[in-house]
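The values are calculated or read from the model by the stated rules, or taken from the named source; none is laboratory data. Given the structure is predicted, the values throughout are model-derived calculations rather than measurements. Here the Cβ positions follow ideal geometry from the backbone for every residue, glycine too, while neighbour counts run over all protein chains shown. Quick note on the areas: whole protein, heavy atoms, side chains included, nothing else; ligands and nucleic acids left out. Shrake-Rupley method; radii C 1.70, N 1.55, O 1.52, S 1.80 Å.
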Amino acid sequence: FQQFSDTGSRKEHVKITSEPKPGFLERLSETSAGMVIGLVTFLLAFYLLFTNEGRALRTAKSLDEGLSLVVPLGSIHSISQQNEGRLVHLAGALSTSKPLFDPSYGLSIQAVKLKRKVEMYQWVEYEDSKEYEENGEIKKETKYSYDTEWKSEVVNSRNFDREIGHKNPSAMAVESFTAVSPNVQVGSFVLSKGLVDKIDNFKQLSLSHLEDPHADVTRGGDYFYHSNNPRRPEVGDLRVSFFYAGLSGDDPHLGSADKVTVIARQQGDRLIPYHTKSGDVLEILYPGDLSVEEVFQKEHESNTMKTWALRAAGWFSMFVGISLMTRIFYTLVDWFPVVRDLVNVGLKVFAVCVASSLSLLTISVGWLFYRPLWALLLTLLSVVPIVVARSRVPPKKQQ
C-alpha cells in the first residue's frame, strides 16, 4: 500500500508491508544465529583490549625514548653531518619548487596540496521506518522522502524505492582530485611522504579575485557553477570549489607561508621515519612553531585519547557480544510481557557488569609485564561490578 504527497520541493510517499508474525522456532533460529555473531564479537573484544594496552605502552615508551634522544637543530638552512642518522627537531616555513595548477579553471597556488571538490545537484532519498503488530501480523510502515541537495558523490537513484521523477545522472562531467607537490622542504630539508601526508589542514580557497574560466561556467561566491541559473540549480548541475593545505610561499591574498614543526630522522638532506628500540616509528609534524616538549606532550595526549577510545570500543564490543549470546533467555519468555521486560532489564545489567569486569581484567593482563602493581589494582577493580550486582540481589528469606 502506498500514499503519495508533494510538499514543495520535498516529495514523499508511505509504503506499508506486512508479514506473518514469526513462530517460536523461527525466532529461536534467529537468536541462535545472533549467538554465533555475539561469540565472535565477544572474542574480538578481548583481542582489541589486550593489543590496545600493549600498543599504548609501546607508544609511550617510544615517545619517552625520543624525548631523551632528540637533537634541536640550530639552523634549518645548513646540514650538519654530525646529526646524520639522529632524531632531530626543527621548525620553519614550508617551501615547494613549483606551484600547483588547475588549468581547467585557470587557478594556481604555491602550496603543498590543492584539492578540487566537485558537487552535483542530485535527488537524495531519506527513509524512516517503524514496525507494529496488527491482526497477528508484523507490519512495517516506511516513509520515503526525496529532496535535492549538493552531493560530492554520485547518488545511485536506481536504489531508490521510487526512481520515477527522482532520476540522477550516472556520473559527473568533472572529477574531484587532489594534487600534491612532489618536493616539499623546510629550509634545506626535504620532507618524506609520511610527513607530507600529515599536512592536511585544508582551507577553502577564495575565488573572489578570479574571472569566469569559460563561457559555460559562472563564478558565484567561492564556487564555479556549471549551471544555467546557479540560484535555481537543476538536477545534474555542478559546482566546483577549491581547498589548499600547506601554503608554501608568500601570497598577496593568503599571506605568508605556513610554518611547521618536524621531528624525524636526518638522512642527508632528507627527513625520514625514526625507528625506536621499542619498535615504534617517530615521524611527527605539527603546524606552527613548537618546542620539543610541546610536541611530545601533544603526542602523549593523542596516545591517551586513542587508548581510551579503543578501550571504550572494546568494552562496547564485549557488551554487545554478551547481549547477543544471552538473548536466547529473552526469546524463551517473550510470550509473557511482564516476565519479558524483567528478563530484558536483568540481561542488560548482567551484560554491563560482566563486560566491565572482563574488560578491566583483560586490561590488567595487558599491563602485567609492564606495570605489575597497576595490573594488580585493575584485577581487584574488575571484581567490583560483580560485587555490586550481587549486593543488589535481595537475600533469601529464612526458612
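So the values come out like this:
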quantity	calculated
Evaluation of Ser188 against (1) closer than 28 Å to Gly249 by Cα; (2) in contact with a strand residue (DSSP E or B) (Cβ under 9 Å, 6 or more places away or on another chain); (3) hydroxyl-bearing (Ser, Thr, Tyr) (one fails), failing number	(2)
Hits in segment 43-54 (condition: within 22 Å of Val281 (Cβ to Cβ) and either of a type in the set (A, V, I, L, M) or surrounded by fewer than 16 Cβ atoms within 10 Å (Cβ to Cβ) (or both))	Leu48, Phe50, Thr51, Gly54
Val112, sole failed condition from (1) surrounded by 18 or more Cβ atoms within 10 Å (Cβ to Cβ); (2) not assigned by the TED database to the domain that holds Gln185	(2)
Residue in segment 328-338 that is in a loop (DSSP other than H, G, I, E, B), open to solvent by less than 60 Å² (accessible area, probe 1.4 Å), more than 18 Å from Ser68 (Cβ to Cβ) and in contact (Cβ under 8 Å) with a residue 40 or more places away in the chain present	yes
Among (1) among the charged types (D, E, K, R); (2) closer than 28 Å to Ile76 by Cα; (3) open to solvent by less than 50 Å² (accessible area, probe 1.4 Å) - the single one Glu293 does not satisfy	(3)
Among residues of segment 226-275, those that are of a type in the set (Gly, Ala, Ser) and in a strand (DSSP E or B), counted	5
Thr31, sole failed condition from (1) outside any strand (DSSP E or B); (2) open to solvent by 50 Å² or more (accessible area, probe 1.4 Å); (3) among the polar types (S, T, N, Q)	(2)
Search result, residues across segment 162-213 that are open to solvent by less than 90 Å² (accessible area, probe 1.4 Å) and free of Cβ contacts under 8 Å to residues at least 12 places away in the same chain	Glu163, Asp197
